[in-house]
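Engineer: Supplied in structure tokens, the structure appears directly below.
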Amino acid sequence: MKNSHQLPTIIKIESLFDKLSKSDKKICSYILENINSIIRLTITEVAENTNTSEATVVRTCRKLGYRGFQDFKISLAQEISTPIETIFSEASETDTCFDIYCKEIESITSTLQLTKAILDKDSLEAAAEAIRSCNRMVVYGVGNSAAIAADFAHKMTRAGIYCVSYSDSHMQTITATGLKKGDVAVGISHSGSSRDVVEALQLSKKYGATTICITNYGSSPITKVSDIALFTSSEEVKHRIMGLSSRFAQLAIIDSIYIYISLKDSEGAFTRVNRIEKELQSKKY
């Protein structure tokens, strides 16, 4: 973990502290005293522990330059996590494949734990319920996110949701214009800045669909066109062939939604699984 005194958030709080109100100072002092555990607390817990209100916590975070408490936690989580660049800078031509595997496991474990800390449970619940009750669902993803989008569509189809994924920008636009109220559109983008995905969600929202995004960055363009935002927390090495750890965080969110929906309709899920397995038997040796 980085030296907490070098964190941008600490520097920002210390530079603004004297200009803050009494209640803001109380919250900032609490943050400084609990800098390594604050990302695991809910806004309600922070308000209760500081004898303030949730509205005051949000106001304080905005004075620090964040959109709210969730945005603050996402930013802080990225600051305090062990830089993945450091882990992978140790890799060399003398490393065995198993050495690299162990480093990758460390990276994935760190990402999953940090994502668990910042993921808003109400937002996850809202996303799952929106999908469970939708008429139809589309998932948009390009590049590395296209495979994640396809996996999401596959699992939702198994859960009994009519769902298709699209990675082609023209098909994204075409399908988005055909959505309406009662439909759900999901955009997956680690950076939150994939223009095609953002524009597809913007169109989906324009025509009445509920929009959901899975991204790593709280202030990214995709969050501005999403009714519900689900955040992962990971750092990717700048010069890697492709990001890996963030994919596991995205898949964990997707699997959670799939299991949740299946459990809410356990009888129907059991029937579907048996029917699918029966019909797929002819495709196996």
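Please treat every number below as a calculation from the coordinates, not as lab data. Values in this document were obtained by computation on a predicted structure and should not be read as measured data. Because the Cβ atoms are built from the backbone with ideal geometry, glycine has one as well, and the counts that use them run over all protein chains shown.
Engineer: Excluding Met171 itself, calculate the net charge of residues whose Cβ lies under 14 Å from the Cβ of Met171, where each Lys or Arg counts +1 and each Asp or Glu counts -1.
Structural biologist: Values: positive: none; negative: Asp168, Asp196, Glu199.
Net charge in that neighbourhood comes out at -3.
Engineer: Just how large is the dipole of the chain about the Cα centre, in debye to the nearest 20, putting +1 at every Lys and Arg Cβ and -1 at every Asp and Glu Cβ? Each step should come with its number before you reach the end.
Structural biologist: Numbers: 34 positive and 33 negative charges, 192 e Å.
Roughly 920 debye for the chain.
Engineer: Hey, could you grab the Kirkwood Rh for the stretch 33-165? Inverse mean 1/r over distinct alpha carbon pairs, Å, one decimal. Walk me through the intermediate numbers first.
Structural biologist: Working: mean 1/r = 0.0552 Å⁻¹.
Radius from the Kirkwood sum: 18.1 Å.
Engineer: Right, here's the next one. What number, rounded to the nearest 500 deg cm²/dmol, is the helix-based mean residue ellipticity at 222 nm of the chain, given -39500 (n - 2.57) per DSSP H run of at least four residues and division by all its residues? Intermediate values should be presented prior to the final figure.
Structural biologist: Working: 13 runs with 161 residues, N = 285.
That calculation yields -17500 deg cm²/dmol at 222 nm.
Engineer: Oh, and also: Per residue, what volume in Å³ does the Cα convex hull of the stretch 173-237 take up?
Structural biologist: In the stretch 173-237, the Cα hull volume divided by residue count equals 67 Å³.
Engineer: Name the residue farthest towards the positive end of the dipole of the stretch 4-80 from the options Thr56, Thr9, Ile39, assuming +1 on Cβ of Lys and Arg, -1 on Cβ of Asp and Glu, about the Cα centre.
Structural biologist: Projecting each Cα onto the dipole axis, the largest value belongs to Thr56.
Engineer: Same structure again: Please give every one of the lysines within straight-line cross-link reach of Lys278, meaning a C-alpha to C-alpha distance under 29 Å, and leave out same-chain neighbours fewer than 8 residues apart.
Structural biologist: The qualifying lysines are Lys155, Lys264.
Engineer: Something else now. Dipole of the chain (Lys/Arg Cβ +1, Asp/Glu Cβ -1, origin at the Cα centre): which of Thr109, Phe69, Ser29 lies farthest to the positive side?
Structural biologist: Phe69
Engineer: Continuing with this model, one more query. Hey, got the Cα dimensions of the chain along the principal axes, in Å, largest first?
Structural biologist: Result for the chain: principal-axis Cα extents of 69, 54, 38 Å.
Engineer: Can you give the local net charge around Gly141? Use residues other than it whose beta-carbon is closer than 12 angstrom to its beta-carbon, Lys and Arg +1, Asp and Glu -1.
Structural biologist: On the way: positive: Arg247; negative: Asp151, Asp168, Asp196.
That sum, taken over residues with Cβ under 12 Å, equals -2.
Engineer: Next question. Along the stretch 29-40, what does the Karplus equation 6.51 cos²θ - 1.76 cosθ + 1.60 (θ = phi - 60°) give for ³J(HN,Hα), rounded to whole Hz, x for Gly and Pro?
Structural biologist: Working through the residues one at a time gives 5, 5, 4, 4, 6, 10, 4, 8, 10, 4, 5, 8 Hz.
Engineer: Follow-up question, since we're still on this one. Considering every pair of different Cα atoms, what Kirkwood radius, in Å, is found for the stretch 100-153?
Structural biologist: Working: mean 1/r = 0.0734 Å⁻¹.
Kirkwood hydrodynamic radius for the stretch 100-153: 13.6 Å.
Engineer: Jot down the radius of gyration and Dmax of the stretch 4-80, Cα atoms only, both in angstrom.
Structural biologist: Considering the stretch 4-80 through its Cα atoms, Rg and Dmax are 11.0, 29 Å.
Engineer: Still on this structure, I have one more. About its Cα centre, what dipole magnitude does the stretch 121-278 give when the only charges are +1 on Lys and Arg Cβ and -1 on Asp and Glu Cβ, stated in debye to the nearest 20? Mind dumping the intermediate values first?
Structural biologist: Working: 18 positive and 15 negative charges, 47 e Å.
So the magnitude is around 220 debye.
Engineer: Counting other beta carbons within 10 Å of each residue's own, what order do Leu119, Leu76, Leu124 fall into, fewest first?
Structural biologist: Details: Leu119 20, Leu76 23, Leu124 16.
By the 10 Å Cβ count, ascending: Leu124, Leu119, Leu76.
Engineer: Reachable lysines from Lys206, Cα under 19 Å, same-chain residues fewer than 8 places away excluded?
Structural biologist: Cross-link targets: Lys180, Lys181, Lys224.
Engineer: Here's a follow-up. Could you give the Stokes-Einstein D for the stretch 121-278 in µm² per second, using the C-alpha Kirkwood radius, 20 °C, 1.002 mPa s? Before the final figure, lay out each step's value.
Structural biologist: Details: Rh = 15.6 Å.
The calculation lands on 138 µm²/s.
Engineer: When the chain is modelled as a GNM with alpha-carbon springs shorter than 10 Å, which of Asp168, Asp120, Asp18 fluctuates the most?
Structural biologist: Highest fluctuation among the options: Asp18.
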